[in-house]
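Q: Can you keep this structure in mind? I'll have questions shortly.
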Amino acid sequence: MSTVLVNGVTKSFGRTTALDGVDLEAGPGVTGLLGPNGAGKTTLLRMIATVLAPDRGTVTLLGRDPSRPEDRTRVRRRLGYLPQEAGFHRGFTVFEFVDYVAILKEMTDRRPRHDEVRRVIALAGLEPVSGKRIRALSGGMRRRVGLAQALLGDPGLLVLDEPTVGLDPEQRLRFREMISYAGEGRTVVLSSHQTEDVTALCARIAVIHQGRTLFVGTPAELTAQAAGRVWTDTRRAPAALAAWRTGDGTFRNVGDPPAGADLIPPTLEDAYLLLVTASQREVTAA
Amino acid sequence: MTVWHLDPETIRRYAQGAAPPELAASVEAHLIACPGCRDALAAHVDARRAAAIWDVVADRVDAPRRGWPERALSRLGVGEATARLVAATPTLRGPWLLAVASVLLLTALAAQADERLLRTFLVVAPLGPLAGVAVAFAGGLDPTREIGLAAPYSALRLLLIRTAAVLSVTVPIVAAAALALPGSPWRAAAWLLPTAALTGAALALTARLTPVVAVAVVAAAWVLVTVPIVVAGHVDAAFGPGAQIFWLGAAAAGAVWLAAARDIVAINLGRTG
């Protein structure tokens, strides 16, 4: 059974439609939402985190209906959530902050709660800074604090909104390791606008653009959609949907190739670009 | 260099925790410098007891520092977890409280010079605690609001804990400012029941609105109703004995409605949908 089941979900904020009939299914392992800024990823993740209710459509999480109060509480007991802009009480130490969230997760018995706090702090590699105030930590370390609180209570569903945003390459690699570890035996749904993260981590991806789902499948299936549509040339091809000069001086063109083009194997980024650009053009033409 | 070693009986007593304090101190001083005796001791240590001791040590090292509000709440019998939630309430930060205290105190002092400002004080006084309730749930001031919304902790309980915390701090501030008021003593307390009624109404509205919007609606209604009355000089119509009974009834009605709508309240604590 799928841990996350989203059917025909629509959500508007005033006149802006953030989600327009989105479907999504996610089970154990890491599922990634890929899309540009403003695509609707955060709105969808907030729904999966039970923070936001859809205008239309249904959301089923861990086999329960979060629109019912008693089901929602049960889902929240098995949910870990890292928001896009996770805020911290900056005067708290790392331990104090994670401990505070543990209380919000109904861990009111002090001794076992502190044991659990120590466990997730160790999982996130934060032991050396456990006693430090959060305001003294770097952005990467704060992101780890956010991940640590999400792992409290060993949740069956982990929702991570742009977990690697703002991290330097080394921090991003370490974070990927942690997310990959967290995805063993539980369902992780994360969002990113970075194809490298999704390629490295996700067994399944959903491409979201302008509130609609453009693709759901494996990274390999998405990449295959761009087969025969990427070529190199000494010049920028006028018909290309996207083209850029690479390090060796040739142009990498993505789109409908001319006859006799020097085709090369596509990457996930090429396929993503094709999908999003084509969708953008459809909307503009309409 | 160490030339003597602990005898087996001393090691056994120390490992069992049966050594008197002066002997234990002597043993520990020796163990620091003697790897051989540390190895000998290790064979006698009960692993479960050592783990339990280590847990206590780790807990004391890691345990969050408790500020004076948490210590005070603990002395009053409030649970450790609840005291921690209260201490994290945004409204209870110094600058906000200072602003409320300053406005009320200045109004009360000004009322010494001009009787009309006494009426202003009575209208403004309930707004301080009410604004405190809104601040306690304002997204911009509660950095962990988004994480809190996805947590299973009872939203109604959190609402009540924070409201009680806000009132327990802001009401004494208003009361202190009220002591500086001129005129009859009952006026120093005339704002109390309206404050309770407005807070009750705002909490009841959280079944339909977010707390910040609920407080804004109640505050606007309060100002629109009371300002024309007191400007016309009918202070008793809003704060007299008859009005006080009305405010008491309104506070009770708000509490009853909140209890009846507790499941719906859970949805509206700052949610945008």
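The values are calculated or read from the model by the stated rules, or taken from the named source; none is laboratory data. All figures in this text were calculated on a predicted structure; none of them were measured in a lab. Every residue, glycine as well, gets a Cβ built from its backbone with ideal geometry; the counts of neighbours run over all protein chains shown.
Q: Scan segment A:44-55 and give yes if some residue there is among the polar types (S, T, N, Q), out of contact with any His (no Cβ under 6 Å at 6 or more places or on another chain) and at pLDDT 95 or above, otherwise no.
A: Step one: of segment A:44-55, the residues among the polar types (S, T, N, Q) are A:50.
Next, only the ones that are out of contact with any His (no Cβ under 6 Å at 6 or more places or on another chain) stay: A:50.
Subsequent filtering for residues that are at pLDDT 95 or above retains none.
For segment A:44-55, residues among the polar types (S, T, N, Q), out of contact with any His (no Cβ under 6 Å at 6 or more places or on another chain) and at pLDDT 95 or above: absent.
Q: Restricting attention to segment A:74-104, report how many residues are facing chain B (nearest Cβ under 7 Å), surrounded by fewer than 23 Cβ atoms within 10 Å (Cβ to Cβ), modelled with pLDDT of 90 or more and in a loop (DSSP other than H, G, I, E, B).
A: 0
Q: Here's a follow-up. Can you report the number of residues in segment A:105-132 which are outside any helix (DSSP H, G or I) and aliphatic (A, V, I, L, M)? I'd like the intermediate steps shown before the answer.
A: First, pick out the residues of segment A:105-132 that are outside any helix (DSSP H, G or I): A:105-109, A:124-126, A:130-132.
Then keep just the ones that are aliphatic (A, V, I, L, M); that gives A:107, A:124, A:126.
Of the residues in that region, 3 qualify.
Q: May I ask you to list the residues in segment A:107-140 that are at the interface with chain B (Cβ under 8 Å from one of its Cβ atoms) and of a type in the set (Ser, Thr, Tyr)?
A: A:THR108, A:SER130 - these are the residues of segment A:107-140 that are at the interface with chain B (Cβ under 8 Å from one of its Cβ atoms) and of a type in the set (Ser, Thr, Tyr).
Q: Would you point out the residue of segment B:37-84, among those that are β-branched (Val, Ile, Thr) and surrounded by 12 or more Cβ atoms within 10 Å (Cβ to Cβ), that is farthest from the other protein chains (Cβ to nearest Cβ)? First the steps, then the outcome.
A: Quick first cut of segment B:37-84, residues β-branched (Val, Ile, Thr) only: B:45, B:53, B:56-57, B:61, B:78, B:82.
Applying the additional criterion that residues be surrounded by 12 or more Cβ atoms within 10 Å (Cβ to Cβ) yields B:45, B:53, B:78, B:82.
Numbers: B:VAL45: 21, B:ILE53: 14, B:VAL78: 12, B:THR82: 8 Å.
In this case the residue turns out to be B:VAL45.
Q: I'd like to check something: does segment A:50-61 contain any residue that is at the interface with chain B (Cβ under 8 Å from one of its Cβ atoms), assigned to a helix (DSSP H, G or I) and of a type outside the set (A, V, I, L, M, F, W, C)?
A: Our first condition is that a residue be at the interface with chain B (Cβ under 8 Å from one of its Cβ atoms); within segment A:50-61, this holds for A:50-55.
Now drop any that are not assigned to a helix (DSSP H, G or I), which leaves none.
Among the residues of segment A:50-61, not one is at the interface with chain B (Cβ under 8 Å from one of its Cβ atoms), assigned to a helix (DSSP H, G or I) and of a type outside the set (A, V, I, L, M, F, W, C), which makes the answer no.
Q: Can you confirm whether A:ARG143 is part of a helix (DSSP H, G or I), farther than 19 Å from B:VAL56 by Cα and more than 12 Å from chain B (Cβ to nearest Cβ)?
A: Values: part of a helix (DSSP H, G or I): yes; farther than 19 Å from B:VAL56 by Cα: yes; more than 12 Å from chain B (Cβ to nearest Cβ): yes.
Criteria met by A:ARG143.
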